[in-house]
Amino acid sequence: MINSSSDNVKKLNSINRRMFITGSFKFFIMVGIVSRLFFLQVKENKKYLTLSDKNRIREWKLAPVRGEFHDYFGNVIAGNFEAYQLHVIPEQVDDFRYVIYRIKDLLELSDKEFKKVLKKKNQIKPWETLIVSDNLSWQKFSKINNHLYDLNGVKPVISISRNYPFKENFTHLIGYVSQANQNDIETTESIKKNFVPGLKVGKVGLEKTFEKELIGTNDIERYEVNAYGRRISQLEFQKGKKGKTLRLTIDTEVQKLANDLLKEKAGSICVMDIYTGAIVAMHSSPSFDPNLFVFGISQDEWQLIRNDPMKPLVNKTLQGNYSPGSTIKPIVALSALENGIINTNFTVKCTGKTEMYGQTYHCWKKKGHGYVSLRNAMKQSCDTYFYEIARKLGVDKLSATAKKFGLGEKVFGDLFEIEKKGLIPNTQWKKNALGKGWLLGETIITGIGQGYIQTTPIQLCLMTAQIANGGHKIYPYLVVGDDKKDQPIDKYMPLYENSKNIKIVKDAMFGSTNEVMGTSYRSRIDDPKYQFAGKTGTAQVKKITEEERELELKTFEIPYEQRDHALYVAFGPYKNPRYALSIIVEHGGNGSTTAAPMAKKLFKLIIDRHKIRQSMDDKRYLEI
Amino acid sequence: MYQHTRLTTNRFTFFQKFRNFDYVLLFCILLLGFISLATMYSTDGGEVLFHTRSHFTKFIVFILMMLIISFINIKYWFALGYLSYLVIIGLLIGTYFFGITSSGSQRWINLYFINLQPSELMKVFIILCLAKYFHRMKIENVNSVYTILTSLIIIILPMGLVIVQPDLGTSVLIAISGIAVLWFAGVNHKYFIYTLLGFVISLPFIIAFLKPYQKLRVLTFLNPDRDPLGAGYQIIQSKIAVGSGGLFGKGFLKGTQSYLEFLPEKHTDFIFTLFSEEFGFVGSVILLLIYAVIIYRIVAIGASCRSYFAKIFCYSFGAAIFVFITINMSMVLGLLPIVGSPLPIMSYGGSSMLATMIGFGIVMSARVHNQQLIA
């Protein structure tokens, strides 16, 4: 019993000692847990609070509202319209199959479109928005609205989208928008920043150039979301900024006329203010409706545009490298005068053809012009005369003058990435580019704008404008206000040695249009208010063989792609010049019969609208 | 006078049993029950849904059960020590053959009126069994090879049956319950130190034998940012929830982490995270205090008991409960790898609550019959 009781005491001592050890152990662990709680909840609270907010708050960006394009008079030429769209959130639909087939019937979707929708549905999460149709007609939209009672989870939505009210009129100038692709996002910072699925961005033209200004900023919606990304409640809505609206120097009326004149033809018309360089119209034909691209063009329509032999996708005004033909003659004459090669009295006898360096060079007039002076040679566009002065002048001097007047250089600089430079050849160029020496015969044909020389229609327009304004350097621009910022120092600087020479050339151009025997005499306007001066051009697209020359084929007898290009450059009103233009009609035959009559109609309108245009100006034009 | 007291204390009248009740412990358990119901209500998104209702029913049933247990003389519980252990071993074997599989683990057995998880019950009944085993043992025999081997077999047998389910977490907790008894029974402290050392040394080998998902948990514990959306997700989200709670919490029913379903397992193992997010540091410390009072009362009851069995049971059960709480909290606070271990009373789960309530019941019985001697 004693034994057992002492055993008991031992046991109790042991258990109690261990109980106390355990107790203190527990105490320390408890302190440890409390300090861990303190660390997490008090010390690091801010960090975890941020993480928790990051967890639960998610931002949704909405597509920004794109800035518009206005013409000079404030007409919207690229605007926004309310597109009727149909959205479905699959998880809110009880019976997706039923609803989607019902929609298919109501919208009369083709099997192809329907498959596309189903494909899209499989790519998104069930709570994300499925855009069944992005541009519904009002009829279909209202039809859907009338059937909403049995279309659970279907949302008719009005969304803002791009609209080009003048359709094909401004396509090459403004370009168009379309869904942003991977490349757009990677190369353009502003697109990357504002990107949302379905965002439409400028693909070509000014839409692309001014993307940064036009794009605007996103509306931002902040939602509380759960762990699966489902929206629980909206916390905030932050309104974005609409993109900047750009006002262009373009006059829609003139632009429309240019479009009408070139209907069914391939070519370009551009009109420019000779003092400011403001572009009044700039059109390339044929064009296409840019609205087709906004919601994605169909394959058929795309093939139609792409395979059109008249190449609607090419902006001929900026990308078209054409032989200038006789329209180069004012520059050749000016160069010869400036370099003192000839004076106004210099005459050449034209017999219809001339032989130089063992080659025969033909004048366009088989019988020849007889003795011609500079003024007459310009007026009648005598090729023989210009062969002779080109020979005397040499290609290097000629190219120097041509370059001074803006040929062989990009007119808009970086504004359009597609713009071509053209080519003003000289001996150095040929050596570098072709590795061959310059031939004198090449100088001779350069004198009538054939051979290596290539110019774009906008360059010809600029050249004419700079002659018309008395030989002063101008910088063409398209966006109102662009002429006022960072002006190049050589703006308005004279391009001539002697201003008299410019006057001589202008006078010769007057003769060409307004005097009997002038090549564009039939297109003249006698009213001094509208009277203009110009120079025709007919550019050969292939070498004419002797046999063909004998045949004296009429334009319509030659296959389309072998016909000459018809060109015309002009400025007006002659007495007090204000506008210059260039016209080119591809394979249009003859400059005087095809291109010059267009100038007549254009000048009528341009000069009529001059007053209205001036009244729009807040500031008088700079008079020189 | 003395004689009289002896008599009455031995007879334990019904009325006296009431008087002997530990009302502080009872109050704390009821308070904990209330808090757990409120938290469960929050996990249901502020509505009385399935979990709240079910938890409420279980709590009421099991607390009544606890009261009944506490009215039964402790000597009967002593008598049931081995039998109950064997019954649960039987259930575990039954689970192995006829168990219900859920999320890759065969832990439950269908007893027609309840789906029971015997491994949870084992956490308590192993204490009962070992307490009985050591009750009559002479202090010299405690450290004999025979005793230690027998008690180790008693521990390892259910552990093995639970590991094959597979449920490593619960088997570790069973082991801890058993080891707690060995500790209080007076097994030489050297053995504990050697075992611990041996465990640490063999840790790399143990890890090599772990199942891939268990290895992943260990790796994730060491660096939760390894795979923040995969294996590390639970612990990262849990820490965010606790940390964002701050000093006073986000407020009842306003825990965004749980409400927006970022928290996994919020009803069960991660219930403390939700509580902590909504009630903050202050709330969490109060909850810890409640647990501390409960454990203190259990130990105090043990100290007041005359019988060695009751003492060893109370101390061990107190230590076990403490370890369960600590492991659960350390886990959700990112101090330990994720092992499935519920927070007693707070977590949703019938078997766990049943086991805890039985434990409380026996402790309360020990309190009520604290003068009872067991031969």
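What the table shows:
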read-out	value
Given (1) of a type in the set (K, R); (2) without any contact (Cβ under 8 Å) to a residue 12 or more places away in the chain; (3) outside any helix (DSSP H, G or I), number of the condition A:K46 does not satisfy	(3)
Residue match in the stretch A:381-390 (condition: without any contact (Cβ under 8 Å) to a residue 40 or more places away in the chain and small (G, A, S))	no
Only listed residue being closer than 30 Å to B:E261 by Cα and either in contact with a Ser or Thr (Cβ under 9 Å, 6 or more places away or on another chain) or at the interface with chain B (Cβ under 7 Å from one of its Cβ atoms) (or both), chosen from A:S14, A:S52, A:S35	A:S52
Residue among A:V65, A:V76, A:V88 that is crowded, with 16+ Cβ neighbours inside 10 Å, more than 10 Å from chain B (Cβ to nearest Cβ) and in contact with a Pro (Cβ under 9 Å, 6 or more places away or on another chain)	A:V76
Restricting the stretch B:306-320 to residues that are in a helix (DSSP H, G or I) and more than 10 Å from chain A (Cβ to nearest Cβ), the residue that is farthest from B:L25 (Cα to Cα)	B:F309
Residue list for the stretch A:126-140, restricted to those being over 20 Å from A:L292 (Cβ atoms) and exposed (fewer than 13 other Cβ atoms within 10 Å of the Cβ)	A:Q139
Members of the stretch A:17-32 that are small (G, A, S) and either closer than 20 Å to B:Q237 by Cβ or facing chain B (nearest Cβ under 9 Å) (or both)	A:G23, A:G32
Subset of the stretch B:243-281 [touching a Phe, Trp or Tyr at 6+ places or on another chain (Cβ under 6 Å), farther than 20 Å from A:V225 by Cβ and more than 7 Å from chain A (Cβ to nearest Cβ)]	B:G249, B:H267, B:T268
Hits in the stretch A:282-312 (condition: under 19 Å from A:T455 (Cα atoms) and without any contact (Cβ under 8 Å) to a residue 60 or more places away in the chain)	A:S285, A:K311
The stretch A:167-189: number of residues that are more than 14 Å from A:I250 (Cβ to Cβ) and either hydrophobic (A, V, I, L, M, F, W, C) or in a strand (DSSP E or B) (or both)	5
Residue ID - farthest from B:F184 (Cα to Cα), chosen from residues in the stretch B:322-332 that are surrounded by fewer than 24 Cβ atoms within 10 Å (Cβ to Cβ) and within 10 Å of chain A (Cβ to nearest Cβ)	B:S330
Any hit, the stretch B:353-373, residues being within 14 Å of chain A (Cβ to nearest Cβ) and on the phi > 0 side of the Ramachandran plot	no
Identity of the residue in the stretch B:168-190, among the small types (G, A, S) and within 14 Å of chain A (Cβ to nearest Cβ), that ends up nearest to B:A320 (Cα to Cα)	B:S177
Some residue of the stretch A:215-232 being in a strand (DSSP E or B) and closer than 29 Å to A:A281 by Cα	no
Every residue from the stretch B:98-118 that is outside any strand (DSSP E or B) and β-branched (V, I, T)	B:I114
Qualifying residue in the stretch B:76-97 (condition: in contact with a Lys or Arg (Cβ under 9 Å, 6 or more places away or on another chain) and either farther than 27 Å from B:S304 by Cβ or not in a helix (DSSP H, G or I) (or both))	yes
Any pair with Cβ under 8 angstrom, 6 or more apart, that starts in the stretch A:218-239 at a residue that is farther than 23 Å from B:K266 by Cα and ends at one that is in a loop (DSSP other than H, G, I, E, B)	A:N218/A:A63; A:N218/A:P64; A:N218/A:V196; A:N218/A:G240; A:D219/A:P64; A:D219/A:K239; A:D219/A:G240; A:I220/A:G240
Set B:M346, B:M364, B:M353: member being modelled with pLDDT of 90 or more, surrounded by 24 or more Cβ atoms within 10 Å (Cβ to Cβ) and more than 13 Å from the chain's Cα centre (by Cα)	B:M364
Scan of the stretch A:239-250 for residues that are crowded, with 20+ Cβ neighbours inside 10 Å and part of a loop (DSSP other than H, G, I, E, B), ordered by number	A:G243, A:T249, A:I250
Matching entry among B:I290, B:I236, B:I295 (being surrounded by fewer than 23 Cβ atoms within 10 Å (Cβ to Cβ), more than 8 Å from every other protein chain (Cβ to nearest Cβ) and within 15 Å of B:L343 (Cβ to Cβ))	B:I290
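A quick yes/no check of all residues on (1) assigned to a helix (DSSP H, G or I); (2) within 15 Å of the chain's Cα centre (by Cα); (3) among the polar types (S, T, N, Q):
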residue: B:N141; (1), (2), (3): yes, no, yes
residue: B:T147; (1), (2), (3): yes, no, yes
residue: B:I153; (1), (2), (3): yes, no, no
residue: B:L157; (1), (2), (3): yes, no, no
residue: B:G160; (1), (2), (3): yes, no, no
residue: B:S171; (1), (2), (3): yes, yes, yes
residue: B:I176; (1), (2), (3): yes, yes, no
residue: B:L182; (1), (2), (3): yes, no, no
residue: B:Y191; (1), (2), (3): yes, no, no
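The rows are residues; the columns are (1) touching a residue at least 40 places away in the same chain (Cβ under 8 Å); (2) touching a Phe, Trp or Tyr at 6+ places or on another chain (Cβ under 7 Å); (3) closer than 19 Å to A:L462 by Cα; (4) surrounded by 20 or more Cβ atoms within 10 Å (Cβ to Cβ).
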position: A:K484; (1), (2), (3), (4): no, no, yes, no
position: A:F510; (1), (2), (3), (4): yes, yes, yes, yes
position: A:E515; (1), (2), (3), (4): yes, yes, no, no
position: A:S523; (1), (2), (3), (4): yes, no, no, yes
position: A:K529; (1), (2), (3), (4): yes, no, no, no
position: A:R549; (1), (2), (3), (4): yes, no, no, no
position: A:R563; (1), (2), (3), (4): no, no, no, yes
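The values are calculated or read from the model by the stated rules, or taken from the named source; none is laboratory data. A quick note: this is a predicted structure, and the numbers were derived from the prediction, not measured. Ideal geometry is used to build each Cβ from the backbone, glycine not excepted, and the neighbour counts take in all protein chains shown.
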